[in-house]
Amino acid sequence: MVAAVWFHHTPKGAAAHERLASCVYLGNMISCFMGHGYGHAAFAMRSRIEVLATLKLTADSIPQFMMEAFEQMHLIESLFALAE
């Protein structure tokens, strides 16, 4: 878990944990596209092509992930409410 978070901007550096770091990278990119983070950050991210290849995805699959995330936001928000 530490390697995945530590290397999520450069997933190849996570070595054996590259796939998990790629998932964190993709989640971070999608959250930025959805407006959670700095607006331009998602467009400035590097390694996008490598991450998609590692996860065996195409750029066309990103909008579907974003729609699923929007649909699940109530669940995500309730998880954060548990910490209050």
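The values are calculated or read from the model by the stated rules, or taken from the named source; none is laboratory data. What you see is a predicted model; the values in this text were computed from it and never measured. Cβ coordinates were reconstructed from backbone atoms using ideal geometry, including for glycine residues, and neighbour counts include every protein chain displayed.
Looking only at residues that are of a type in the set (Phe, Trp, Tyr) and modelled with pLDDT of 85 or more in region 57-84, which one is surrounded by the most Cβ atoms within 10 Å (Cβ to Cβ)?
Phe65
Results for (1) surrounded by 14 or more Cβ atoms within 10 Å (Cβ to Cβ); (2) of a type outside the set (Val, Ile, Thr); (3) modelled with pLDDT of 80 or more; (4) touching a Ser or Thr at 6+ places or on another chain (Cβ under 7 Å), shown as yes or no for each residue.
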site: Thr10; (1), (2), (3), (4): yes, no, yes, yes
site: Ala14; (1), (2), (3), (4): yes, yes, yes, no
site: Leu26; (1), (2), (3), (4): yes, yes, yes, no
site: Ile30; (1), (2), (3), (4): yes, no, yes, no
site: Gly35; (1), (2), (3), (4): no, yes, no, no
site: Ile49; (1), (2), (3), (4): no, no, yes, no
site: Leu52; (1), (2), (3), (4): yes, yes, yes, yes
site: Leu55; (1), (2), (3), (4): yes, yes, yes, yes
